[in-house]
Amino acid sequence: MTFLPALFLWFLFFSVSDTAIVDLSSETSSLLSFKLSLENPSRLSSWNVSSSSSSHCDWVGVTCLFGRIPKEISTLKNLKELRLAGNQFSGKIPSEIWKLKQLQTLDLSGNSLTGLLPSQLSELHQLLYLDLSDNHFSGSLPPSFFLSFPALSSLDVSNNSLSGEIPPEIGKLSNLSDLYMGLNSFSGQIPPEVGNISLLKNFGAPSCFFKGPLPKEISKLKHLAKLDLSYNPLKCSIPKSFGELQNLSILNLVSAELIGLIPPELGKCKSLKTLMLSFNSLSGSLPLELSEIPLLTFSAERNQLSGSLPSWIGKWKVLDSLLLANNRFSGEIPREIEDCPMLKHLSLASNLLTGSIPRELCGSGSLEEIDLSGNLLSGTIEEVFNGCSSLVELVLTNNQINGSIPEDLSKLPLMAVDLDSNNFTGEIPKSLWKSTNLMEFSASYNRLEGYLPAEIGNAASLTRLVLSDNQLKGEIPREIGKLTSLSVLNLNSNKLQGKIPKELGDCTCLTTLDLGNNNLQGQIPDRITGLSQLQCLVLSYNNLSGSIPSKPSAYFHQIDMPDLSFLQHHGIFDLSYNRLSGSIPEELGNCVVLVEILLSNNHLSGEIPASLSRLTNLTILDLSGNALTGSIPKEMGHSLKLQGLNLANNQLNGYIPESFGLLDSLVKLNLTKNKLDGSVPASLGNLKELTHMDLSFNNLSGELSSELSTMVKLVGLYIEQNKFTGEIPSELGNLTQLEYLDVSENLLSGEIPTKICGLPNLEFLNLAKNNLRGEVPSDGVCQDPSKALLSGNKELCGRVIGSDCKIDGTKLTHAWGIAGLMLGFTIIVFVFVFSLRRWVITKRVKQRDDPERMEESRLKGFVDQNLYFLSGSRSREPLSINIAMFEQPLLKVRLGDIVEATDHFSKKNIIGDGGFGTVYKACLPGGKTVAVKKLSEAKTQGNREFMAEMETLGKVKHPNLVSLLGYCSFSDEKLLVYEYMVNGSLDHWLRNQTGMLEVLDWSKRLKIAVGAARGLAFLHHGFIPHIIHRDIKASNILLDGDFEPKVADFGLARLISACESHVSTVIAGTFGYIPPEYGQSARATTKGDVYSFGVILLELVTGKEPTGPDFKESEGGNLVGWVTQKINQGKAVDVLDPLLVSVALKNSLLRLLQIAMVCLAETPANRPNMLDVLKALKDI
């Protein structure tokens, strides 16, 4: 390589003649051109712009200038051009630069120069070109800066750290044609004087802090061709005066916080070719005048634009890209789009578009990318895309498209196909796997059936295959091992069976392998451990057996992943809910990439390997529901990133490690149902991020440390059924975020700390079955028997529990005080006895004179005796049967109190009558009003099953669930006591049959939707065992005095536990709310509840009942059918409740309608879960 020294000298040489030029700005391209001119270019292999080298300065044989710019350069008196761009100069510009009086071009861009711009630059009056971009200059631009360069034609100060406002003197640069100021911290408004730069052609000031309004004087820039003010907080509308910019070809206002309408005046910009308005808050429809401009690119994504997509789009004959995603466009896709012969990129995602996809879409044949996801599109796609002969990417996710996947797709040059969350049925065409171009195919959340064929091995280019949540069956073909480029394979939630093919070990590029929620059997193939790029392994919810592979592995070792990998989840190792046995392999401790280890609900045994503590990125460790033994390794305290630790339901013994106090990132700790003993380490007080701690059902002992009070974010603390002694630390009253505290069934003594009762967020307090004594505080939660459980503490007293505290005589310091007290008590007793005698005599006389009262008395006696015998009680006092309460008994409520409070279940007290029984309003002796549900005999179970079920339901507490306060069972009669809801049911308010109620306004309806969703989400996801409601309807959504909704009647059908796969064979429901699949299968699921909730959302948004004579068979037959038909006709607005519709609320109503329709997807797999529904509702 003898040429390299010569090259070095050539690269640094420059002349200082009258026309001297130091030009290092194009060195990269010059060097590459030189390389290509050689006979053997491969000898300069390091000269490559895609290499790992940061710049050409690192190439072999190349040296760049670095250090400071020498002040001696000022001696070059005749220098006209100085180009030092793209070097490694640092420091400040030498002040001596003013001596270069002849300088016309100064290019210092792409270095690391710092400091203020030297005032001496103003001496360079001959400058025509000044480029200071891509450095670290700071400070502001003084007015004098703009007064010094009368001939300047190009100024670039972009990508520095300059700040301050732009002075009006900028208007003095009358010869300027190019002005670039972006990527700085300039603020304030753009001065109107900019309009005086009459020759300006290019004005770029993106990513600053400029604010609006934009000066109308910009319209004076008649030569302006490019205007870029993107990524500024303008917070104004687009000036109408922009329409006067006749030469404007590019307008970029992306992410500028723009508001208002798109001005029709832009249609006068006859040269405009690129219009970029994305990521703003523009509203209204697309103005017709835009059809008059020859646009190449129109981008207006993520705004609030609405109305239908205009047919005049077909006038854009040279349009290349149309990007209108994330707006509120409705109606159908215009067929005239085929008149855009040059259109290559089309994105209409996340709008409210309806109807079928028109076949004319591909009329021109030039489309390369189509994204129609997140709409309400329906119909099939048979023959729709046949004409898209150039189509490379097709995205149709989250619509309501049905029918089969057409065979013709295999004839297109498709590289990516995304059909997730639709209603596709049938089998995946085998011809699709013959494609040599296909890299991504995703069709999850559909109803696809059939088998995965052996032909799948022919799709050699496939890198991503996602078919989760379908109905695929059969075995995974061995030929899948031929997909050596495959990076993501997700077949979760299908009906696949058989063994996991060992050939998957040949898919050496796999980063994500998700086969969870199937019926796979056999052992986990050892070869999977050899997948060196694997970062996510999910095999949960199968019937896998055998042991976890324990041989030395390669998976979860690679920290740096290839840039082009399709990695979705990083470091997930989920083998939960299988039948795996044996020990947890020590080898897992070498899988350094692991973030989550989920091995719960298997048959694993042995000890927890201490090697897991070596996983420095571990954030979640769930080993619950196994048969693990031994002690918890103290080394686990070194997993400093751990956020969730669940070791519940094992056979662990020994102490809780003191080292757990080092886990300062821990959020949830669950050690329930083990055999742990010893005390709770005081070091746990260091866990400042902990929100939930469950140590219940162990053998823990000792006193509770006051250090626990330093866990300031604690929301739930559960330590019931242990052997704790001593007093409850009053310092726990400092846990202001605490919502749930359960210390029941321990050996705690002393009084109840008043501070704990007064905790502002405490919703549930269980102190039952301890040795607590003294007066129960009457503060906060302790005064509400429905929230505070105090039973089993014999020495508690006070007004709260209806038991007077004994008076301590030693506290009376004077004998006369005692005597006075006794005398007063004697007088009170005497008066009471005398009054009682008078009342009894009078009553007997009246009864002898009133035959009707005597008959009523006999009737009461008959009822009393029957209830007495049916109850099985051995008490001799009729009607003294205490109702079983989940909290302290409500003012010592007895069955007799309920009978009297309902006037023997009189019809006049009926406030509801449903499928499970009749509901009565009852006012108890203490003045508390409750609702009593008398279950129908045919609806009830045996006594033992009923009581077990009620004991479970009584623990379900949530602000948006109607609280079950108690129950009573006697023979075939079953009574439930609920809290009373003042405003009745949602059904009552929506129907308003009497016309006496006010109309529910939008704010109340949205509040009801969000609250009801929150309650239902808690039933599905927040309580174990999970509860499926099965009868969600408007009459089961009750409203309190503030119209806060609460879900009623949950759990009155059978409960479902996690081990029963969240599915029940007991079907309930009300006509109009029953999901379609219930007619085909005797299986109730949470997705059935989601469907019923979707009907409620339709009721809220339309004001109509689910069924009734209003819906003719030709119009769908019911509310769901009617709304679906209207949407398919492009008339979504017509279904909105006319009592609510306004310009301000229209978009919010349509958003609620969209959420409802997603809930009402015909196939359960396409419906969201209630957590997703809740999130969507909260975002309205």
Being within 35 Å of the chain's Cα centre (by Cα) and either of a type in the set (D, E, K, R) or on the phi > 0 side of the Ramachandran plot (or both): is that true of LYS713 here? yes
Hey, does segment 1128-1147 have a residue that's touching a His at 6+ places or on another chain (Cβ under 8 Å), in contact (Cβ under 8 Å) with a residue 24 or more places away in the chain, within 18 Å of ASN422 (Cα to Cα) and assigned by TED's automatic domain parsing to the domain that holds GLU1099? no
Surrounded by 17 or more Cβ atoms within 10 Å (Cβ to Cβ), of a type outside the set (Gly, Ala, Ser) and either more than 37 Å from the chain's Cα centre (by Cα) or modelled with pLDDT under 65 (or both) - does that describe any residue in segment 951-967? yes
When residues of segment 761-802 are filtered for being farther than 18 Å from GLY750 by Cβ, part of a helix (DSSP H, G or I) and of a type in the set (A, V, I, L, M), how many remain? 1
If you take the residues of segment 228-254 that are of a type in the set (A, V, I, L, M, F, W, C) and under 18 Å from GLY188 (Cα atoms), which of them is surrounded by the fewest Cβ atoms within 10 Å (Cβ to Cβ)? CYS236
Return the total of residues in segment 1097-1115 being assigned to a loop (DSSP other than H, G, I, E, B) and buried (at least 16 other Cβ atoms within 10 Å of the Cβ). 6
Residue list for segment 289-302, filter: farther than 12 Å from LEU348 by Cα and in a loop (DSSP other than H, G, I, E, B): ILE293, PRO294, LEU295, LEU296
So which of GLY995, GLY1015 ends up being modelled with pLDDT of 75 or more and closer than 30 Å to ASP1110 by Cβ? GLY1015
Note on segment 613-633: residues buried (at least 22 other Cβ atoms within 10 Å of the Cβ), of a type outside the set (Gly, Ala, Ser) and more than 11 Å from SER583 (Cβ to Cβ) are LEU615, LEU618, LEU621, LEU623, ILE632
Considering only segment 264-275, state which residues are within 22 Å of ASN327 (Cα to Cα) and crowded, with 20+ Cβ neighbours inside 10 Å. LEU266, LEU275
Could you check, for segment 180-193, whether at least one of its residues is surrounded by fewer than 16 Cβ atoms within 10 Å (Cβ to Cβ), in a strand (DSSP E or B) and in contact with a Pro (Cβ under 9 Å, 6 or more places away or on another chain)? yes
Does GLU257 qualify as being more than 22 Å from ALA1144 (Cβ to Cβ), at pLDDT below 95 and among the charged types (D, E, K, R)? no
Per the filter on segment 389-437, residues under 24 Å from ASN326 (Cβ atoms), β-branched (Val, Ile, Thr) and outside any loop (DSSP other than H, G, I, E, B) are VAL395, VAL417
Here are LEU580, LEU534, LEU520, LEU567: which of them is within 19 Å of VAL488 (Cβ to Cβ) and modelled with pLDDT of 95 or more? LEU520
Report, by residue number, each residue of segment 468-478 that is within 18 Å of GLU427 (Cα to Cα) and outside any loop (DSSP other than H, G, I, E, B). LYS473, GLY474
Between LEU82, LEU128, which is in contact with a strand residue (DSSP E or B) (Cβ under 8 Å, 6 or more places away or on another chain), at pLDDT 85 or above and surrounded by 21 or more Cβ atoms within 10 Å (Cβ to Cβ)? LEU82
Can you confirm whether segment 901-918 contains a residue that is under 24 Å from ALA788 (Cβ atoms) and at pLDDT 70 or above? yes
When segment 108-142 is checked residue by residue, the ones that are within 16 Å of LEU179 (Cβ to Cβ) and assigned to a strand (DSSP E or B) are TYR129, LEU130, ASP131
Within segment 737-754, is there a residue that is within 28 Å of GLY792 (Cα to Cα), hydroxyl-bearing (Ser, Thr, Tyr), in contact with a Ser or Thr (Cβ under 9 Å, 6 or more places away or on another chain) and surrounded by fewer than 21 Cβ atoms within 10 Å (Cβ to Cβ)? yes
Can you find a residue that is acidic (Asp, Glu), at pLDDT below 95 and more than 33 Å from the chain's Cα centre (by Cα) anywhere in segment 416-432? no
By residue number, the members of segment 577-599 that are surrounded by fewer than 23 Cβ atoms within 10 Å (Cβ to Cβ) and within 21 Å of THR629 (Cβ to Cβ) are ARG579, SER581, GLY582, SER583, PRO585, GLU586, GLU587, LEU588, GLY589, LEU598
Tell me which of these GLY726 doesn't satisfy, since it passes every other one: (1) of a type outside the set (Phe, Trp, Tyr); (2) in contact with a helix residue (DSSP H, G or I) (Cβ under 9 Å, 6 or more places away or on another chain); (3) modelled with pLDDT of 90 or more; (4) closer than 23 Å to ASN686 by Cβ. (2)
Considering only strands (runs of 3 or more DSSP E) wholly within segment 315-378, the ones with at least 2 residues that are in contact with a Ser or Thr (Cβ under 7 Å, 6 or more places away or on another chain) and surrounded by fewer than 22 Cβ atoms within 10 Å (Cβ to Cβ) are 321-323, 328-331
Pull up segment 239-276, narrow it to residues that are under 16 Å from LYS226 (Cα atoms) and assigned to a strand (DSSP E or B), then point me to the one that is nearest to the chain's Cα centre (by Cα). MET276
So which residues in segment 448-492 are out of contact with any Lys or Arg (no Cβ under 8 Å at 6 or more places or on another chain), within 29 Å of LYS1087 (Cβ to Cβ) and surrounded by fewer than 17 Cβ atoms within 10 Å (Cβ to Cβ)? GLY474
Which pairs have Cβ atoms under 7 Å, sit 6 or more apart or on different chains, and link a residue in segment 215-228 that is assigned to a helix (DSSP H, G or I) to one that is aromatic (Phe, Trp, Tyr) and crowded, with 17+ Cβ neighbours inside 10 Å? SER219/PHE242
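The values are calculated or read from the model by the stated rules, or taken from the named source; none is laboratory data. Model, not experiment: these values are computed from the prediction. Glycine gets a Cβ as well: all are built from the backbone with ideal geometry, and neighbour counts include every protein chain shown.
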